[in-house]
Amino acid sequence: MNARNIILGIDGIPFELMDSLSDKGVMPNFKELKSNFYFKEMKSSIPHISSVSWSSIITGKNPGEHGIFGFSELIEGTYSLSYPNFNALKCKPFWHQQNENKHVIINVPATYPAKILNGVHIAGFVALDLEKAVYPKTCIPSLKQLNYVIDIDSSLAHKQSKDILFDELMKVLDIRKNTYQFFWNKLNWLNFMVVITSSDRFGHFLWNTYANSDNKWHSRAVQFFQKIDDFIGDIKDKLKENDNFIILSDHGMEEIKQNMNLNTYLEHEGFLKLSDKYKNYNRIAKGTKAFVLDPGRIYLNKEGKYPNGSVFKSEEKEIIADLKNILYDLKYQNQKVIRKVHEKNEIYNGVNIDKAPDLVVLENSGFRPKGSIGKESIFEEDNLSGMHNDSAFLFINKKINIQKPNVQDVIGFLGGN
């Protein structure tokens with residue numbers, strides 16, 4: 001019989017935090033696991049955002065192959081934004097590569113709308129409608145009895161009391177745990193995958209409550225991670241002898257120092273021209289050489305590709321070199337803010353590479369690259385507490401020897417594939 005695979009995703013938790021939480025005794029179940037098996041820092045996707053990273057985790061492919069480069073894209077031939085969903089994924093996730101086996105897939109981001117599979121699929125963020133997020137639909141009454149929700153009410157993050165937000169995080173985490181328990185014995189599955197996304201919301205809205213031990217809500221942050229460890233322990237107690245148990249994150253998290261409005265910087269440097277006639281990216285005018293989409297994806301305004309395309313093929317190399325120079329020169333209070341500027345051929349390969357950004361900016365710690373149009377200042381404070389970084393983690397209940405895992409490697413650790 002094939003070994004079963006159980007994958008627990010903990011969205012947005014960096015290696016260092018998972019390591020220290022277990023060492024400090026906050027997560028004893030995970031401490032026991034990591035002490036006996038494989039636990040390493042794992043490189044996230046480029047850019048290190050959930051839609052890209054989870055797409056790489058479930059397919060084993062890079063964005064040039066699976067076709068997801070960010071949460072947003074421009075509609076071909078326009079400057080209008082679209083938001084790719086699961087239908088835009090160009091490679092099959094592992095559960096569609098194994099139609100003969102049964103699968104339970106719960107709350108994996110960027111898998112909405114749910115598609116037919118041999119088993120159960122409950123799509124995660126960004127899922128707009130529970131009816132379209134679930135396959136088969138016969139599961140919906142059971143989910144409603146479980147009070148299932150796809151995500152926290154993020155509007156609570158902007159209320160005065162952080163206690164309300166912690167209450168919501170705890171509630172949604174309990175619902176996720178109850179849901180996994182409900183489906184655990186319903187099917188004779190080969191792959192069971194469930195993702196906790198409350199951890200990412202914690203990181204964005206409440207990162208400083210744990211990072212600062214003097215914070216008023218520090219004890220509640222500790223309780224939140226203890227509850228995640230209880231989730232891990234509950235799965236650990238259900239494992240059979242030959243089961244593969246994988247715990248991982250898609251990216252890490254760290255404190256935000258400043259947002260970087262890179263389009264504003266390109267405008268100041270003469271690479272971006274904006275019209276006052278329209279809104280958002282439709283403001284891009286003739287004479288524009290480059291523009292930025294979140295988070296730090298830079299596109300040349302190519303003639304023939306965009307309505308006001310101004311860059312000819314013969315100019316591309318020179319403009320890319322100029323862009324890299326000015327980006328490496330960007331500083332905040334005499335501190336360089338750009339760690340690396342990648343050209344697309346350095347980081348992507350595959351049949352969809354023509355849709356890739358021409359450059360991708362990787363930031364120095366604390367500086368969050370943004371693609372907002374029309375901002376007055378290059379740097380500004382954010383009302384969030386934490387931002388993504390590329391330090392994910394990977395745990396496997398095996399003893400293996402891979403020193404520098406990448407999100408694309410995960411699918412190769414699944415038994416029966």
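The values are calculated or read from the model by the stated rules, or taken from the named source; none is laboratory data. If you're wondering where the values come from, they're calculated on a predicted model, not measured in any experiment. With ideal geometry, Cβ positions are generated from the backbone for all residues, glycine too; neighbour counts draw on all protein chains shown.
Only one of the numbered conditions (1) surrounded by fewer than 21 Cβ atoms within 10 Å (Cβ to Cβ); (2) of a type in the set (Gly, Ala, Ser); (3) touching a Pro at 6+ places or on another chain (Cβ under 9 Å) is not met by SER53, and that is (1). Condition (residue is surrounded by fewer than 16 Cβ atoms within 10 Å (Cβ to Cβ), under 22 Å from HIS268 (Cβ atoms) and not assigned by TED's automatic domain parsing to the domain that holds SER154) applied to region 343-350: is it met by at least one residue? No - not one qualifying residue is present in region 343-350.
For region 322-354: of the residues being outside any strand (DSSP E or B) and touching a Pro at 6+ places or on another chain (Cβ under 9 Å), which is farthest from GLY60 (Cα to Cα)? Break it down stepwise before answering.
To start, the set of residues in region 322-354 that are outside any strand (DSSP E or B) comprises 322-330, 333-334, 337, 344-354.
Then keep just the ones that are touching a Pro at 6+ places or on another chain (Cβ under 9 Å); that gives 337, 344, 347-348, 350, 352-353.
Numbers: VAL337: 31, LYS344: 19, ILE347: 15, TYR348: 13, GLY350: 13, ASN352: 15, ILE353: 16 Å.
Checking each candidate, the answer is VAL337.
Suppose the filter is touching a Lys or Arg at 6+ places or on another chain (Cβ under 8 Å), assigned by TED's automatic domain parsing to the domain that holds PHE30, hydroxyl-bearing (Ser, Thr, Tyr) and surrounded by fewer than 18 Cβ atoms within 10 Å (Cβ to Cβ); does SER219 pass it? No: the conditions fail for SER219. Evaluating SER80 against the criteria (1) small (Gly, Ala, Ser); (2) touching a Ser or Thr at 6+ places or on another chain (Cβ under 8 Å); (3) surrounded by fewer than 24 Cβ atoms within 10 Å (Cβ to Cβ) leaves one unmet condition, (2). Of everything listed in (1) modelled with pLDDT of 95 or more; (2) within 27 Å of LYS24 (Cα to Cα); (3) among the hydroxyl-bearing types (Ser, Thr, Tyr), the single unmet condition for THR179 is (2). Close Cβ contacts (under 8 Å, 6 or more residues apart or on different chains) running from residues in region 132-151 that are closer than 15 Å to GLU168 by Cα to residues that are of a type in the set (A, V, I, L, M) and part of a loop (DSSP other than H, G, I, E, B) comprise ILE150/ALA127; ASP151/ALA127.
Conditions tested, residue by residue: (1) closer than 20 Å to PHE192 by Cα; (2) of a type in the set (Asp, Glu); (3) without any contact (Cβ under 8 Å) to a residue 12 or more places away in the chain; (4) touching a Gly at 6+ places or on another chain (Cβ under 7 Å).
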{"position": "ARG4", "(1), (2), (3), (4)": "yes, no, no, no"}
{"position": "ILE7", "(1), (2), (3), (4)": "yes, no, no, no"}
{"position": "ASP11", "(1), (2), (3), (4)": "yes, yes, no, no"}
{"position": "SER20", "(1), (2), (3), (4)": "no, no, yes, no"}
{"position": "ASN29", "(1), (2), (3), (4)": "yes, no, no, yes"}
{"position": "SER35", "(1), (2), (3), (4)": "no, no, yes, no"}
{"position": "LYS43", "(1), (2), (3), (4)": "no, no, no, no"}
{"position": "PRO47", "(1), (2), (3), (4)": "no, no, no, yes"}
{"position": "SER55", "(1), (2), (3), (4)": "yes, no, no, no"}
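Let's see how each residue does on (1) part of a loop (DSSP other than H, G, I, E, B); (2) closer than 29 Å to LYS279 by Cβ; (3) modelled with pLDDT of 95 or more:
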position: LEU8; (1), (2), (3): no, no, yes
position: GLU16; (1), (2), (3): no, no, yes
position: ASP19; (1), (2), (3): no, no, yes
position: GLY25; (1), (2), (3): yes, no, yes
position: PHE30; (1), (2), (3): no, no, yes
position: GLU41; (1), (2), (3): no, no, yes
position: VAL52; (1), (2), (3): no, yes, yes
position: ASN87; (1), (2), (3): no, yes, yes
position: CYS91; (1), (2), (3): yes, no, yes
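Scanning region 212-264 for residues that are free of Cβ contacts under 8 Å to residues at least 60 places away in the same chain, under 20 Å from THR197 (Cα atoms) and of a type in the set (Lys, Arg) returns ARG220, LYS227. Counting only strands (runs of 3 or more DSSP E) that sit wholly inside region 230-279, those with at least 2 residues that are closer than 14 Å to GLY371 by Cα are 258-261.
Of the residues that make up region 184-201, is at least one more than 25 Å from the chain's Cα centre (by Cα), part of a helix (DSSP H, G or I) and free of Cβ contacts under 8 Å to residues at least 12 places away in the same chain? Checked against the condition, which is being more than 25 Å from the chain's Cα centre (by Cα), part of a helix (DSSP H, G or I) and free of Cβ contacts under 8 Å to residues at least 12 places away in the same chain, region 184-201 yields no hits at all.
Look at (1) crowded, with 19+ Cβ neighbours inside 10 Å; (2) touching a Lys or Arg at 6+ places or on another chain (Cβ under 9 Å); (3) among the small types (Gly, Ala, Ser) and you find that SER385 fails only one, number (2).
For region 355-372, a residue qualifies if it is assigned to a strand (DSSP E or B), out of contact with any Leu (no Cβ under 8 Å at 6 or more places or on another chain) and farther than 17 Å from SER44 by Cα, and exactly one does: PHE367. Filter region 198-215 down to residues that are out of contact with any helix residue (DSSP H, G or I) (no Cβ under 8 Å at 6 or more places or on another chain) and of a type outside the set (A, V, I, L, M) and give me whichever is surrounded by the fewest Cβ atoms within 10 Å (Cβ to Cβ). Among those that are out of contact with any helix residue (DSSP H, G or I) (no Cβ under 8 Å at 6 or more places or on another chain) and of a type outside the set (A, V, I, L, M), it is ASP214.
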